[in-house]
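S.K.: One structure follows; several queries about it will come next.
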């Protein structure tokens, strides 16, 4: 699957999100030339090999919210990584000023 050009394009866009900023699943898809394919962004992140070291935590849902269920381990991990980059979360959301235009 990692030889799929659409998946590769999404991974490249995710790698371009600057430290301390986030982007949405939809914006990543659009930047990869795949408008309307936000779910494909989620799939691409889910299947990414660990050795790729994608900054997956910089991808959030619409409005800057963490998409994982609040009580889940992935939610806690994403929140921890975002805070480590200096982002402040309020009710599981990143302030819109930190959402990168790709």
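The values are calculated or read from the model by the stated rules, or taken from the named source; none is laboratory data. Because the structure is predicted, anything quoted here is derived from the model rather than measured. Please note: Cβ atoms are built from the backbone with ideal geometry, for glycine as well, and neighbour counts cover all protein chains shown.
S.K.: Identify the residue in region 1-36 that is in contact (Cβ under 8 Å) with a residue 60 or more places away in the chain and not in a loop (DSSP other than H, G, I, E, B) and, among all such residues, is surrounded by the fewest Cβ atoms within 10 Å (Cβ to Cβ). Break it down stepwise before answering.
M.R.: As a first pass, look at region 1-36 and keep what is in contact (Cβ under 8 Å) with a residue 60 or more places away in the chain: 13, 16-24, 27-28, 30-31.
Still in the running and not in a loop (DSSP other than H, G, I, E, B): 13, 22-24, 27-28, 30-31.
Details: 13: 22, 22: 25, 23: 25, 24: 21, 27: 21, 28: 29, 30: 18, 31: 21.
It comes out as 30.
S.K.: Same structure, new question: Is it the case that region 77-95 has a residue that's over 14 Å from the mean Cα position of the chain (by Cα), surrounded by fewer than 14 Cβ atoms within 10 Å (Cβ to Cβ), under 24 Å from residue 3 (Cα atoms) and without any contact (Cβ under 8 Å) to a residue 24 or more places away in the chain?
M.R.: no
S.K.: Does residue 69 count as on the phi < 0 side of the Ramachandran plot and without any contact (Cβ under 8 Å) to a residue 12 or more places away in the chain?
M.R.: yes
S.K.: Shifting gears a bit: What number of residues within region 52-99 satisfy the criterion of being more than 15 Å from residue 28 (Cα to Cα), in a helix (DSSP H, G or I) and at pLDDT below 95?
M.R.: 3
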